[in-house]
Amino acid sequence: MNARALCLLLAFAVLDGTRAEAGMLDTLRGWIGLGDKADAAEQKKAMPRLRIGPFSGGTGASAQETLRKELLDSREFLLSGADEKSDFTIEGSSIGGRVTGKLRDAKGKELFQRSYAAPGLDENLKAFTDDVIYTITGRPGLATSRIVFVSDRSGKRQIYVCDAEGGDVHQVTHDKHGAVSPSLSPDSSLVAFTSYRNGFPIIRLLDLNVGWERGVTDTPGSSFGSAFSPDGTHLAAMMSFIGNPEIFVSDLGSNTAACISDSIGAPASPSWHPDGKQIVFSDDDGSGPKLYIVDVPQKEGQASRLYRWRTGYHFCTDPEWSPDGRSIAFTTRKGGEWAVAVKPWPSGGTRVIQAGGAQHPSWSPNGRLITYVQHGELYVHDLRSGNRRQLLRGFGRVSEPRWMR
């Protein structure tokens, strides 16, 4: 690093906070290779080497090229040439968009062979890519994952869905009074969101496959800010039909709801631990929102325990548990602006991963990435390398992203 670049970086670090300065810092890091080149090189060495063999059939050439792009986008593998050493080899065929794929290890042992018969070639190859990733790494792939978010692009805030690369964007609500606070079910078939069509907030469910829509409970009063349980059978949300808003857990099969909190402020933003036994949420008693943990009763009549979880910050909201349950990401305040932070669960030091107006963090299914918004733009942040990239550009003001779990 030369002296001039170092001085520039230090000058902007002192002024860190505004949108332009944050962008310049990212640019400077790219120019001078701040801190990440050695780590990136080590990570690259450790990546499995994968060869894509020939694909037969009428759509085989298209399938092979699309699969190559999906695997490169995954950032999980190094792709080998035909004459290079590889740890794994993919072969397959594609006829009329249907795909049959086979994965072998370096010794030629077949690890799996599966057929994919969804209507579209791209859809089939995304599913095949995720199966390859999971078989080799043991982590979920992101090719078939979805991110749900809010945008005011249409003039009213509505719910949209996109894929993990910011593509295949489509609007899923057309609510006259707007729709906010989305949550995506684990299989990405349902979206829960808050609607104001009745003049007050109420949670509704939308089936993305069939198109039906319904309320969550038959209870009176307001409901807002929902989160699906890890198995998709329950929904945690704020409800106020007994007076002050509290955290309730609704059984989506029976449309019944049970209160699990006893707060003194305004609870918001629930998130489930992956084992389904605890929920983290923010609660503001007038002195700024703090994070709390509440046990989810596992049987009728069981008492729930509620306690504050300290992060080292006085303002904490939008918490979300990581897929492995080992960390919680949340929004806090740093230097008078929003910032996204991560703290190990149950204890450890809090680390701010993006300041300068970043908020609403949500984990990718594999736990390697976090999506968030900054100044109305949607980003995805790699926690291993520290690199980030913008997913959507010029798509209105984006807020409240949530990755499928």
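The residue that is surrounded by the fewest Cβ atoms within 10 Å (Cβ to Cβ), counting only those in segment 50-85 that are of a type in the set (Gly, Ala, Ser) and closer than 22 Å to ALA164 by Cα, is SER62.
With respect to the numbered conditions (1) in a strand (DSSP E or B); (2) surrounded by 20 or more Cβ atoms within 10 Å (Cβ to Cβ), which one is the sole condition not fulfilled by ILE353? Exception for ILE353: condition (2).
Selection of segment 384-400 for residues being outside any loop (DSSP other than H, G, I, E, B) and either among the charged types (D, E, K, R) or in contact with a Ser or Thr (Cβ under 9 Å, 6 or more places away or on another chain) (or both) yields ARG388, ARG389, VAL398, SER399, GLU400. Exactly one residue out of GLY349, GLY265, GLY357 is among the small types (Gly, Ala, Ser) and on the phi > 0 side of the Ramachandran plot, and it is GLY357.
Residues checked against (1) open to solvent by 40 Å² or more (accessible area, probe 1.4 Å); (2) over 19 Å from HIS360 (Cβ atoms):
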| residue | (1), (2) |
| --- | --- |
| ILE293 | no, yes |
| GLU300 | yes, yes |
| SER304 | yes, yes |
| ARG308 | yes, yes |
| THR311 | no, no |
| ASP324 | yes, yes |
| ILE328 | no, no |
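Taken over segment 232-272, the criterion of being open to solvent by less than 20 Å² (accessible area, probe 1.4 Å), among the hydroxyl-bearing types (Ser, Thr, Tyr) and within 19 Å of LEU190 (Cβ to Cβ) is satisfied by SER250, SER271. Determine if segment 337-349 includes at least one residue that is of a type in the set (Gly, Ala, Ser), closer than 22 Å to TRP272 by Cα and under 14 Å from the mean Cα position of the chain (by Cα). No, that holds for no residue. Residues in segment 105-130 that are under 23 Å from ASN366 (Cβ atoms), of a type outside the set (Ser, Thr, Tyr) and either open to solvent by 40 Å² or more (accessible area, probe 1.4 Å) or not in a loop (DSSP other than H, G, I, E, B) (or both): ASP105, LEU111, PHE112, ARG114, ASP122, GLU123, ASN124, LEU125, LYS126, ALA127, PHE128, ASP130. Restricting attention to segment 273-287, the residues that are open to solvent by less than 50 Å² (accessible area, probe 1.4 Å) and of a type in the set (S, T, N, Q) total 2.
The values are calculated or read from the model by the stated rules, or taken from the named source; none is laboratory data. Source: prediction; values computed, not measured. In this analysis, Cβ positions are derived from the backbone assuming ideal geometry, glycine residues included, and neighbour counts consider all displayed protein chains. Remember, those area values only see protein heavy atoms, side chains included, never the ligands or the DNA or RNA. Shrake-Rupley method; radii C 1.70, N 1.55, O 1.52, S 1.80 Å.
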